[in-house]
């Protein structure tokens, strides 16, 4: 127990010392874990992987009274030969052969991902976005409830501001300030809508941010700018909400170092 | 040839996967199992083998070149041996099982017994142990059962090696009446059944190394993020333009609300008030604002990015499937 | 002066954070935040359980997040054991969590002298994968023949008492990965049992849909949730560990320091830019005067 | 492989793919007659050779023109492609076709077998009543005066559609029934099944449920089901009439997923169309993506400062989309670096990724005519473990001090660590990541960042290859399609709010 706590403390301090600058202790710790994990990979993936999916099935098959040779060749030998083509990367002039197993693996991944992401990331997400929005349109409660008394007029006001200033901008004066005001009023109006509508607008504008084949000007620019704003809100929120978690990990480390390591050592040597 | 063969193979595999996804028939299950369990797995294994080969080669070269930091290559190469050693040690020490062997009389019809059958053996004082038939030799009329007891259970089970009389049951029907059976405590590793390297409670020395060095390093690396997140916020949370301003504002609001004291103070000042005019300042208003920011605009943006990413991914997959996208050919 | 503030070395920030956290951890200053909705509902649900009911918890995380999930589990288990609720622990999806899970539950069980295999047991990992979700609806014995210490299932009374979803009063997943979604999608919506979750900060927004749809009875959000839970325990007269509450102070200070730093940096940028503009204006004026003089 | 003219191969593979998918859809559409759950009692009728739906309509409704009534009982994908052997659900009480008479007869035999059993149980009961008179043997009271239970009615058994047999060759059959008029005394139902041989009890369910899915039906074996109401005593269950003969079989097409398949086909058609346009030399407009335009300039910066560039390819397997995109980006990064004689440091985390990157770098050197300059150790495999790899990255950043760093692929919490480590050595960093959460950290930490979809567009955009550009155009059209679907759904919700919104049904699978 004490030994392991000392080992843990030593390696933790080695890693933390990198915050000051790169140093021999850090390099030592890193190369220790590098070697360990390469060894782990070796046992976990190569030794056990080979034995479970190649050697032991073959041995079992041969152990049978009448081994099914055809099955053996199709299921074990040919895949093994094809897999070992990876090592042709070392043979000058034969390097293209490694693409055969690679092609199989990549085809597998791509085929799997194409359908699953179409289902779970396009169909499901679109439905999740559309279902509440449609119910809102059906019921007709467009603005968020519990809107405070003195702010009842905000949605309508912002909308009318948007309309009026847009007309003004179009026909009279093309000032950047007016554009900014329009933009702010538009955001206020969007926020004042019901949550599911905000989500719908957010999804559509964010999607429109990713249009590749249109020049970014006019309507597309405005819409994609709203989408960019939504994304920035998301990124800021994620960043801020992560701070506490990460900080807690560090607090846990410090707690270990103080409580378990130092105090544990003191206690072990008869201190109180 | 050099290009066409891999590309066509890739497209065909891709197509196969797509098609089988729409076929619930058992045939597609068979095909998938074939592809996944044999081809995919073995190619992954080969990839790992090549990777380990190349990393070892890199470090040995550094060692030969005696350039800067060659000492650390020595460290790495030495530590490379640790887990294989612990794996061997654990297997030899703990990966044991009890085998019960007996010969049966010719009167027994072996039709009802077959290899890999789940059976039970029951000793004289009625204690039963479940096991599995591993060998069924009809010539020598010999049957041997492997009991499903792991290393620590063997001691607790109280079975000793040697000959004692058992009866053999298959789904609670007595197959062999009380017969003297030979109990042997064999090492599975040398029987060709190596246990997977385990961080799951058994495998003591492996577990010790893993829990003492690997997991704490994982935690420490994770803890480094705490520092980096602060310096990143300091460096790049600046109001350069409107978008950066939004980023800064949201980040600040969330950080402020996440600080536990804030909410305490807030609720100290604004205790729950029912009048509509003060509904902005009810209890937990800040928390609600944070949750709203995270869930509604944030959630929608995340969903939009997800959908767009999926569309891009599908188009890219089609590119690969049609054989246009060839970066992976090298 | 402002320029200096902009260009100082980030290592000072590292130093500040380290010092603050170390001091705050050494001198434990407890700070109990007000309980939020999800934590409250989770507490109320556990409070509504009777003596002798059973609870499952799933530990779906790597040991890296132990600093967050350990306080959560400690607060939760204190509540369970002081109400004489029986606890069964699993880590069905992540192998690495086995040692951590058993040590935590054992540590607390000793305080209430609860006996292993009778009042609690830790079943550990099973390689069953996704099929765990459906197997647990029939019988956990299908996927667990022994517990993590290698004790045969037949000799664990508590595990035999609560062997499927319908037997238990609550299942809670302490997750650092995406697994709560899986538990809702593959288990809760099909077999309909009370499910709760204790998650890390970035995952909190993903849980709101489940909470709003009553697919989860409650949630412990990050270390804050753990501290809230401890506050509730204290308010209702249970004893508790109090690690989460004691780390709240450090969190608060760090958050505020970061906010101050960010605001200062922005002010400094603004000031420097304005300074630059003023200098540019001055230079332009001087050039103009020079031109004027040339005539 | 720039010397290779892809045109013919591409068109060949693309059209093969497309035709296979469409063929699959066709298969799915033909084998698609599944019974609908309906209130009134129905029976199954097999379509005979040469029988049209009109014939059947005359047979069951007495009117050739009313064949549309079958749609009330069955999901018929295409009413014109009805094959012999398709099993239609038809109302009971009308005149029957031959096949159903056969079914009835078997059922008769089964039922008679059951009446005998009932009699036996009656005798047992009477025996009990006789024993009751003898006080020496107290009999359990509640068993005797348990009320006569009325059996459930309308027992229907159908093969569960859109599923296959499991590994053990077992399929699932859905049995549904409805409660009798007086449910008094019924605490549950027992499901009895007759395959080969006698009826066997499968399961006892509570009185609330009226549906049970039998997952243990052998494929191809035909079964008959009966439901028994069970009282408090547990014995003397009242058996219902037996269901029709039904057998579980694996389906060849998952009807629930047909809209997914159709969408996929539309994807392919649009992509193929724009690819043809691209091959025919029509120029495609793709707007500039700033972050991607920077890549050349960032590599150039490293060249000016005489420091290497660094490429980190994420922590996901090579068969994941983001890593595939990383390969494409790496190709162009390596091209620029070869042109500007800059060293690229590529520490790799995932196996097989190093294989691709190494050979791609070698090929680029070969194509540039300087295979002698290729240094194999530039692409170095490190380790497949997150903390160890992060540590190695930090170490090699300090050692090589690259002037420009690229992060492309999939990342988790290490994104923040990399970005700040890179900042501390003063490197210019470009990042692209699929995972939205980690993109946040890259946005904060890096100089230029690709968001979500731009990552997948990178490969096509950087190569400046017309055909690949065409796929981007197609992708935009598909996005517009998604927009239209959303707007359509909203419109339907506005104009007919109470009717079911079929757009939402399209999106279900």
For the stretch B:1-63 versus the stretch D:447-466, the gap between their alpha-carbon centres in whole angstrom: 26
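Could you grab the Rg to Rh ratio for the stretch A:57-164? Cα atoms only, Kirkwood for Rh.
Numbers: Rg = 30.7 Å, Rh = 20.9 Å.
The Rg/Rh ratio comes out at 1.47.
Express the C-alpha Rg of chain B as a ratio against the empirical globular expectation 2.2 N^0.38 Å, rounded to two decimals.
On the way: Rg = 32.1 Å, N = 330, 2.2 N^0.38 = 19.9 Å.
Working it through for chain B, the quotient is 1.61.
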Using alpha carbons only: equivalent-ellipsoid semi-axes of chain A, gyration tensor based, whole Å: 56, 37, 21
Sites residue C:272 and residue A:180, calculated FRET efficiency, Cβ-Cβ separation with R0 22 Å, nearest 0.05: 0.35
Share of alpha-carbon pairs per 5 Å distance bin for the stretch D:191-296, given as whole %: 2, 8, 12, 11, 9, 8, 6, 5, 5, 4, 5, 6, 6, 6, 4, 2, 0
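Past the 23 angstrom mark, what percentage of all C-alpha to C-alpha distances in the stretch D:290-464 do you count? Each step should come with its number before you reach the end.
On the way: 4650 of 15225 pairs.
Of all Cα-Cα distances in the stretch D:290-464, 31 percent exceed 23 Å.
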Dimensionless Rg/Rh of the stretch D:148-247 - Kirkwood Rh, Rg from C-alpha atoms: 0.99
Degrees between helix A:24-41 axis and first principal axis of chain A (Cα, 0 to 90, nearest 10): 70
Antiparallel DSSP beta bridges within the protein assembly as shown, percent to nearest 5: 60
On Cα atoms only, tilt of C:98-111 relative to the major axis of chain C in degrees: 70
At 1.306 mPa s and 10 °C, Stokes D of the stretch B:96-187 from Kirkwood alpha-carbon radius, µm² per second: 121
Separation of the residue A:4 and residue B:173 label points, Cα + 7 Å toward Cβ, nm: 4.9
Point-to-point label distance, residue C:48-residue D:488, nm (Cα→Cβ direction, 7 Å offset): 4.4
Helix axis angle, B:4-21 relative to chain B longest principal axis, alpha carbon, degrees: 90
Convex hull of Cα atoms in chain C, direction-averaged projection (nm²): 21.1
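Normalising by the residue count of the stretch D:148-247, find the relative contact order in percent from Cα pairs under 8 Å and 6+ residues apart.
Details: 236 pairs, mean separation 36.1, N = 100.
Computed over the stretch D:148-247, the figure is 36 percent.
Given 37 °C and 0.692 mPa s, compute D for the protein assembly as shown with the Stokes-Einstein relation, Rh being the Kirkwood radius over Cα pairs; round to the nearest whole µm²/s. Kindly include the intermediate steps, with their values, before the conclusion.
On the way: Rh = 35.8 Å.
Using the Kirkwood radius from Cα pairs, D works out to 92 µm²/s.
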Average partner coverage of B:71-77, which counts Cβ from other chains inside 10 Å: 6
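Work out the P(r) tail for the stretch D:389-487: percent of alpha carbon pairs separated by more than 21 Å, whole number. Intermediate values should be presented prior to the final figure.
Values: 2211 of 4851 pairs.
Value for the stretch D:389-487 (Cα pairs over 21 Å): 46 percent.
Laboratory data are not the source of any read-out in this text; all were calculated from the coordinates shown. Predicted model only: the values in this text are computed from it and were never measured. Every residue, glycine among them, receives a Cβ derived from its backbone with ideal geometry; neighbour counts consider all protein chains shown.
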